[in-house]
Each structure stands twice: as C-alpha cells, then as structure tokens.
Amino acid sequence: MSNERDLPDRGDTRLVFEVIDDSASFAALRESWETLFACAAVPHFFQRFEWLWAAWRHVAEPKGRRLLILVGRSEGRVVLIWPLMRQDRGPIRFLASDRGEYRDILVEAGPAAERWVGEAYDSLVAMDDVNILHLQDIRPVSLLARHVAARGVSARTIVRPAVAIGLGAWRGFAQYLEGRSRNLRLDQGRQWRRLAKFGDPAFVSVDDRATAAETIAWIYER
C-alpha cells in the first residue's frame, strides 16, 4: 500500500511526499511515471517505468528486498519520483537490477527542479527508519549529484559516483585491454571464442535514441 509519512514541516516546501512500498501501488504509478518521464530534467533509459518495474519483479523482489519509492506531488501532480529499495535493516539504495546502470531521481524539468531534489533528500534522511542511504552510480550531470556536491550529505549517506572511462586515453580497445588484469583478458578471450561459434562477430554503432532503447530492452530481456 502507499502511505504518507510524518515528514518535517519545512514551511517553504511546495511538495507533498508519499512513500510507495508495495507492488500494486508501484504498478498504479505507471501512467504518472510515463508522463513525468516525458517532461523530466535529463532523463535516461534506466529511469523508465518498464526498466525499473522489471528490475523489481525479476531481481529485487525475488531477493527479498522491499520497496521504498518516494513520490513528490505539487498541487496533486507527480513531479518527482525517487525509486529506492531496502533489504532487512541494511542500507536504503536505488531500485536497480544490480547490473551497473545509472541511477537518479526522476524530476520534472523547470526552475523548481533543483529545489525539489533537495527537498526530497532532506525528507528522506529525516525519516526515523532510514539508517544508511547508499547513493551509487550517480551521473555527474544529475541534479542529485549537484545537490550532494553543493550541500554535502548526511553522515548516514554513502556516495559512489558512476564510473566513467575516457575513451580518448587509448588508440583502440586492444590498447585499453593491455592495461587490464590478466583475469579480465582471459575472460575476454573466452567470450570471443563463444561468440565465434555463432559466426564472425561484428560491431554495429547504435546512434539514435529509439534504437538504443530497443537494443537495451532486448539485452535486458535475454
């Protein structure tokens, strides 16, 4: 079920926050989620409802994790969604498939977006049952990363920015691979041998948004 929490009265906040903690209420968010995604500030594929619903049903829920989706509304309209999960009494962290995807708050674009992200963070860490908040794989361009950099974080918050590889540092993949560990190089060799059984592998550049989304969805489903 969804439930409103006893959150601190900031006086200047315009958002009303609600916590979604069950699958039925999560599923009921689909339409609002998709509407928000269409007008969000710097959205990315891993914030789509379909991705996170699949991550919940096929990965997080079977592992015994519990939902904690923070939903912010302005005048009744959903303008912020922060998809989170917890396991037992462990850290609260982003809902994800645990496969290294970017993680972020989905927030409506506009002049209030950065303030809303700050309100969401303050509201979350003020909850009595939030002991440790683990922010992992946050994009440097996100409003949450900007908030953390500008204001710092609660002592109960652990931040791990997303890892990026600067492609300009190597002439090609072979040079990059030379600098990796022996185990990684051996694993790459095994993977290429497996691929060779299906024919000569070839690289295809996917450079349009729609095809990229379809390709990622295909990879995830398999």
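Could you pull out the residue among ALA60, ALA41, ALA55, ALA28 that is out of contact with any Leu (no Cβ under 7 Å at 6 or more places or on another chain) and either farther than 19 Å from ALA120 by Cα or at pLDDT below 90 (or both)?
ALA28
State which residue pairs qualify: first residue open to solvent by 60 Å² or more (accessible area, probe 1.4 Å) and inside region 21-32, second residue among the charged types (D, E, K, R) and part of a helix (DSSP H, G or I) in any location, beta carbons under 9 Å apart, and separation of 6 or more residues or different chains.
As it stands, the answer is ARG30/GLU50, since those pairs meet every condition given.
State whether one or more residues within region 198-209 are surrounded by 10 or more Cβ atoms within 10 Å (Cβ to Cβ) and either in contact with a Pro (Cβ under 7 Å, 6 or more places away or on another chain) or closer than 30 Å to LEU52 by Cβ (or both).
yes
If you check PHE46 against the conditions, is it of a type outside the set (Val, Ile, Thr) and at pLDDT 95 or above?
no
Could you tell me whether ASP88 is under 29 Å from HIS58 (Cα atoms), touching a Gly at 6+ places or on another chain (Cβ under 7 Å) and modelled with pLDDT under 90?
No, not satisfied.
May I ask you to list the residues in region 104-145 that are modelled with pLDDT of 90 or more, part of a strand (DSSP E or B) and open to solvent by less than 10 Å² (accessible area, probe 1.4 Å)?
LEU106, VAL107, listed by residue number.
Based on this model, can you work out whether ALA212 counts as more than 26 Å from PHE46 (Cα to Cα) and not aromatic (Phe, Trp, Tyr)?
Against the criterion (more than 26 Å from PHE46 (Cα to Cα) and not aromatic (Phe, Trp, Tyr)), ALA212 does not qualify.
Given the criteria within 30 Å of GLU50 (Cβ to Cβ), in contact with a helix residue (DSSP H, G or I) (Cβ under 9 Å, 6 or more places away or on another chain) and either touching a residue at least 60 places away in the same chain (Cβ under 8 Å) or open to solvent by 60 Å² or more (accessible area, probe 1.4 Å) (or both), does ALA213 qualify?
Working: within 30 Å of GLU50 (Cβ to Cβ): yes; in contact with a helix residue (DSSP H, G or I) (Cβ under 9 Å, 6 or more places away or on another chain): yes; either touching a residue at least 60 places away in the same chain (Cβ under 8 Å) or open to solvent by 60 Å² or more (accessible area, probe 1.4 Å) (or both): yes.
Spelling it out, ALA213 is indeed within 30 Å of GLU50 (Cβ to Cβ), in contact with a helix residue (DSSP H, G or I) (Cβ under 9 Å, 6 or more places away or on another chain) and either touching a residue at least 60 places away in the same chain (Cβ under 8 Å) or open to solvent by 60 Å² or more (accessible area, probe 1.4 Å) (or both).
Would you confirm, using the coordinates I've provided, whether VAL59 is open to solvent by 40 Å² or more (accessible area, probe 1.4 Å) and among the β-branched types (Val, Ile, Thr)?
Considered against the rule, which asks whether it is open to solvent by 40 Å² or more (accessible area, probe 1.4 Å) and among the β-branched types (Val, Ile, Thr), VAL59 comes out as no.
Tell me the residue from VAL107, VAL117 that is under 16 Å from ALA145 (Cβ atoms) and under 13 Å from the mean Cα position of the chain (by Cα), please.
None of the other options fit; the residue is VAL107.
I'm checking my understanding of the structure. Among residues of region 62-74 that are open to solvent by 40 Å² or more (accessible area, probe 1.4 Å) and in contact (Cβ under 8 Å) with a residue 12 or more places away in the chain, which one is farthest from SER23 (Cα to Cα)? Break it down into steps so the answer makes sense when it comes.
Filtering region 62-74 down to residues open to solvent by 40 Å² or more (accessible area, probe 1.4 Å) leaves 62-64, 66, 73.
Filter once more, so that each one left must be in contact (Cβ under 8 Å) with a residue 12 or more places away in the chain: 63-64, 66, 73.
On the way: LYS63: 14, GLY64: 13, ARG66: 10, ARG73: 20 Å.
Applying the filter and picking the extreme gives ARG73.
For region 185-209, name all the residues that are touching a helix residue (DSSP H, G or I) at 6+ places or on another chain (Cβ under 8 Å) and in a helix (DSSP H, G or I).
ARG185, GLN188
The values are calculated or read from the model by the stated rules, or taken from the named source; none is laboratory data. Computed from a predicted model, the values in this text were never measured in an experiment. For neighbour counting, all protein chains shown are included, and Cβ atoms are generated from backbone atoms with ideal geometry for every residue, glycine included. Just so you know, the surface numbers come from the protein's heavy atoms only, side chains and all, with ligands and any DNA or RNA stripped out. Shrake-Rupley method; radii C 1.70, N 1.55, O 1.52, S 1.80 Å.
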